[in-house]
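Undergrad: Here it is: the structure, laid out below.
The values are calculated or read from the model by the stated rules, or taken from the named source; none is laboratory data. Please read all numbers here as calculations on a predicted model, not as lab measurements. Positions of Cβ are generated from backbone atoms using ideal geometry, with glycine treated the same way; all protein chains shown enter the neighbour counts. For accessibility, only protein heavy atoms count, side chains too; no ligands or nucleic acids. Shrake-Rupley method; radii C 1.70, N 1.55, O 1.52, S 1.80 Å.
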Amino acid sequence: MHKQDAIHLDQLCPKISNKSWRHSLYKLTEYKCIYCGKPSESLDHLHPKSKGGKSNTSNCVPCCLVCNGKKSDSEVLSWYRKQNFYDPRRSMAIRAWYNNDLRLASVLLKYIN
Ligand SMILES: [Zn+2]
């Protein structure tokens, strides 16, 4: 991981800046953005932090900086459906992740990546 990314992650999830926690999330997506499949460089809150989303495992997903910036504080699934890289399997994986079924999410992502 680049030093710059680490700083960015700490800014996003200040309470949980634990390195091994972040790596466990990154491993689940094989270090790829859960939305578009590019290398993940940050963590995104599925339910936006500005709307009360927590910085915990089921609400934080690895994603690239482009997706993170574009999604901003939109509702994740309706935002994702409008993207040109939309993939219904990823949508399922995102839903599984949010329901704290990380095993299912990682299995789905393995098929796509
Ligand atoms: Zn992305």
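Undergrad: Mind listing whichever residues of region 70-94 are open to solvent by less than 70 Å² (accessible area, probe 1.4 Å) and of a type in the set (Lys, Arg)?
TA: Answer for region 70-94, where residues must be open to solvent by less than 70 Å² (accessible area, probe 1.4 Å) and of a type in the set (Lys, Arg): LYS71, ARG90.
Undergrad: Right, next: Among what's in region 38-69 and is outside any helix (DSSP H, G or I), open to solvent by less than 20 Å² (accessible area, probe 1.4 Å) and more than 19 Å from ASN100 (Cβ to Cβ), pick the residue that is nearest to the ligand (Cβ to nearest atom).
TA: CYS64
Undergrad: Pairs please, first residue from region 58-80 and more than 15 Å from ILE94 (Cα to Cα) and modelled with pLDDT under 95, second anywhere and away from the ligand (no atom under 15 Å from the Cβ) and open to solvent by 60 Å² or more (accessible area, probe 1.4 Å), Cβ atoms under 9 Å, 6+ apart in sequence or on different chains.
TA: Close Cβ pairs (under 9 Å, with a partner that is away from the ligand (no atom under 15 Å from the Cβ) and open to solvent by 60 Å² or more (accessible area, probe 1.4 Å)) amount to SER72/SER50; ASP73/LYS49; ASP73/SER50; ASP73/LYS51.
Undergrad: Show the residue pairs meeting these rules: Cβ distance below 8 Å; 6+ apart or different chains; first residue within region 101-113 and within 13 Å of ILE34 (Cα to Cα); second residue open to solvent by 70 Å² or more (accessible area, probe 1.4 Å) and part of a helix (DSSP H, G or I).
TA: Pairs that qualify, where the first residue is within 13 Å of ILE34 (Cα to Cα) and the partner is open to solvent by 70 Å² or more (accessible area, probe 1.4 Å) and part of a helix (DSSP H, G or I), are LEU108/ARG89; LEU108/MET92; TYR111/ARG89; ILE112/ARG89.
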